[in-house]
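The values are calculated or read from the model by the stated rules, or taken from the named source; none is laboratory data. What you see is a predicted model, and the numbers here were worked out from it, not measured in a lab. Every residue, glycine among them, receives a Cβ derived from its backbone with ideal geometry; neighbour counts consider all protein chains shown. Side chains are part of the model used for accessible areas, which takes the heavy atoms of the whole protein and leaves out ligands, DNA and RNA. Shrake-Rupley method; radii C 1.70, N 1.55, O 1.52, S 1.80 Å.
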Amino acid sequence: MSERQTVELKLTHAVCARCGSRLSFSGDAEMVCVTCLLHIALRDQDGDYSGSHRFDQYELITDDHGTPVELGRGAMAVTYKAFDTNLRCEVALKVIHPRYLVDGSGRARFLSEARAAAQLRHRNIASVFHLGSERGECFYAMELVEGETIEDRVRDKGPIEGGTALEITLQITRALAAAGDRKFVHRDVKPSNVMLCSEADGVIAAKLIDFGLVRDVTDQSASASGSPVRTGFIGTPHFASPEQFAGEMADGRSDIYSLGATLWFMLTGKLPFDGGHEQIRQQQLRGVLPLDQLRGVPRPIVDLIRHMLEVDPAKRPQSPAALKEQLNKCTAAIDAAKQKQPRRYAYGVLAAVAFVVAALGASYIFQRKLTPSAPGEIAPEKTIAVLPFENLSRDPENAFFADGIRAQIVARLAKVMNLKIVSGSSTRRYQSAPEDLVQVAAALGVANVLEGSVQREGEKFRITVRLMDAKNNVDLWRQSYDRVFRDVLQVESEVARRAAGALGLKLTQPEKRAIDKSSTSNPQAYEAYLKGRYIWLQRTWDGYRQAKEYFDQAITLDPNYAQAYAGLAEAYHFLADLDPRNYKENIDKAKTAYQRALRLDPMLPEAHAIAGLVAMNYDWDWPLAEQELGRAIALDPNEALFYDWNAEYLMAVGRASASIDNIERARELDPFSVIINSDLGKLLYFARLYDEAEAQLKQTLRMDPDFIQPHRYLGGVYIMKHRFDDAISEFEIAKKDGDNRMVGLMTYAYGMAGRKIEAAQMLEAIKNLAERRGDLDKICLAWAYIGLGEKDRAIACLEEDYKSHRVHMTSLKSNPEYDPLRSDPRFVDLMSRVHLAP
């Protein structure tokens, strides 16, 4: 292949000569796609699939000439830009016309694509959320990804720099891991099926699209003997694996081959093999790669690509997880070389990783996850931290008012899709209006900081806000508002709009409507809600109880206050776990509250989030939990807590990699939250990554030595490492907080250490405690019996907690502490009744 050939020349014969869409095959005879052939035959020259601009609640967006805006065109369908009139947001709508469904095979493929994509919830996969039909036309709605494909990016701007190409490849590897968790093989990974978009923090995000050729690897048509099954060629020749050319059943290693060819294309703008269908196949079989095209590419990347493009699938990385590890090693090797011989060469986010590798000398990927943004990093521009607003009122009890206004401004800013917001507990350390905002921004990993103060006297208040560009150390906007209390919601909206404008963000009409939307018209109800939310964040028994009372008060003042119902549901849910005697009653009240919230406002993210949490923790309805938590994140992608809860769900169902990705995202949004940092340690422990879990839990304790949860899971880590004395010491510390379950874990540790006498003594103490209290979770006894090797009694205790729907049943699949029971058929049956497949 000539060095002078560009990507345009190489791909011209692989696109339709009439409409420009990609062809399924690249043989010389096929120069027009099936769609255009049918258009020609039917004299349908306009290429428009639909005579209507509306499908169910989706309205096609048109240009100045009234023509629907196309986002993409394939051989069977057209993807349009549309507006969801229910959710009030823009979506991508893929529509297939009935004339292409005559034999039913096209319809089956289209439905298969939609259903496969709908099962995948991952930040590197474009989400599908609605499938429907109207006037005989099938369609599905999916996430609108604003950006360009890898193919378009390379065509317009040339090859992609190595560090960025590796980061994109890593993101798509995560997408393939998520697909693999669902037993799916994509079979058409290629540059035109990867969208690149800039996230709010300026980092490139890659999203895998087009699941039209996806296959379920559990398909019964596969050979039970494991011998190759002939299926005919499926895929795109320039990026298809040798086994696809041979017509054999492809697995995840085939996607890895295609991703290797895509990485090659990103780095060179060229293809590893070119020509017609048979020519490409023969070049592959010879196994000689045109490595001269990779001249100037770092050796570790070349070696990685050669590994990914092995003809024999057994010689490639055997899974996305294995590829992910190799990508991380490749990146670390390149960074190490660059530190020895510095160049004026920017690696974006990889430079931060290099700093971590050099400073900590530990595992690249998990140290990247375990270490908050370092001071002095160059932060992306469309990022903002909203610091606590200073309470200047003479009455210190007005602190709830200052905190509540700040939280509501954050919630309104969260409606802006192209803005990343750091808020929550990470900003509370700056409660006292710090002087050096540049350092604050660097510590939080943002480019801009919004700070303010609130002074209230009776019905009057003054809000002063200041938005600062921390990178350049200049003010972008300052404003003071002197108003009466009934105008507080209007002021919050105006601050959010003005701040977004000062950051150079052009708001869409749906974003403006969302920012201006009022949750209640009753000032007294709003004040009660702010008090409830302020106290709820204390996360104590008394805090939840008092918050419930304030939310009830808000609802009494405004019976249509959706946010108050959502807050009430959250309060009841967390009270349930702390009040075993009234567990079911509190859960039932939580359900009633969030159901009312969703009837009042179907777009309320916190209502969807608590609905997902209850579905997970109490009903064990995993599909509903996934749906509701996914909807909450879609509606408010800046709320760290939603990613935290979603990570818990993903770990519970056994999707460890996706779980770690989600908790990592939560920590990006709230880097100094001790709860999120502790949950990261817990989830690493559940993933059996004990060294990483230990490091993370110790780091959390350095952040807050008095926080109890890290001690509990650090004790678990030490048990798995057979450091039993250390484990017992950690449980002793956790027990001081009054959590009697720690006695059960101490008994577990004594038993696993072979110290049966101490374990038996601790068991008697648990039994006495249970007799005195009457409401002790049976899990305490279960842990004790597991440690003592008494499986019958342990399972009997778990059966009791199963009947009560106790929350810890959600960890049956992931918690290492249950490992001694996993071979017991009764435990397997118990897991199946919790709807967790073993």
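A few comments on the model shown:
- Some residue of the range 524-532 being without any contact (Cβ under 8 Å) to a residue 24 or more places away in the chain, in a helix (DSSP H, G or I) and of a type in the set (S, T, Y): no
- If the condition is being under 34 Å from the mean Cα position of the chain (by Cα) and either touching a residue at least 12 places away in the same chain (Cβ under 8 Å) or under 22 Å from R688 (Cβ atoms) (or both), then the range 727-739 contributes A727, E730, F731, I733, A734, D737, D739.
- Residue check for N617: within 20 Å of the chain's Cα centre (by Cα) and polar (S, T, N, Q): yes
- Of all residues assigned to the range 501-516, none qualifies as being under 20 Å from N391 (Cα atoms), open to solvent by less than 20 Å² (accessible area, probe 1.4 Å), hydrophobic (A, V, I, L, M, F, W, C) and at pLDDT below 90.
- Residue check for N677: within 20 Å of A640 (Cβ to Cβ), in a helix (DSSP H, G or I) and open to solvent by 10 Å² or more (accessible area, probe 1.4 Å): no
- Among residues of the range 263-287, those that are open to solvent by 20 Å² or more (accessible area, probe 1.4 Å) and among the aliphatic types (A, V, I, L, M), counted: 2
- Scanning the range 759-796 for residues that are more than 14 Å from L821 (Cα to Cα) and either open to solvent by 60 Å² or more (accessible area, probe 1.4 Å) or not in a helix (DSSP H, G or I) (or both) returns Q761, E764, K767, N768, E771, R772, R773, G774, D775, L776, D777, K778.
- Verdict on A179 being at negative phi, under 17 Å from the mean Cα position of the chain (by Cα), assigned to a helix (DSSP H, G or I) and at pLDDT 75 or above: no
- Only listed residue being touching a Lys or Arg at 6+ places or on another chain (Cβ under 7 Å), at pLDDT below 95 and surrounded by fewer than 24 Cβ atoms within 10 Å (Cβ to Cβ), chosen from E664, E668: E664
- Listed here are the strands (runs of 3 or more DSSP E) enclosed by the range 440-486 that have at least 2 residues being touching a strand residue (DSSP E or B) at 6+ places or on another chain (Cβ under 8 Å), among the basic types (K, R) and in contact (Cβ under 8 Å) with a residue 12 or more places away in the chain: 460-469, 474-484.
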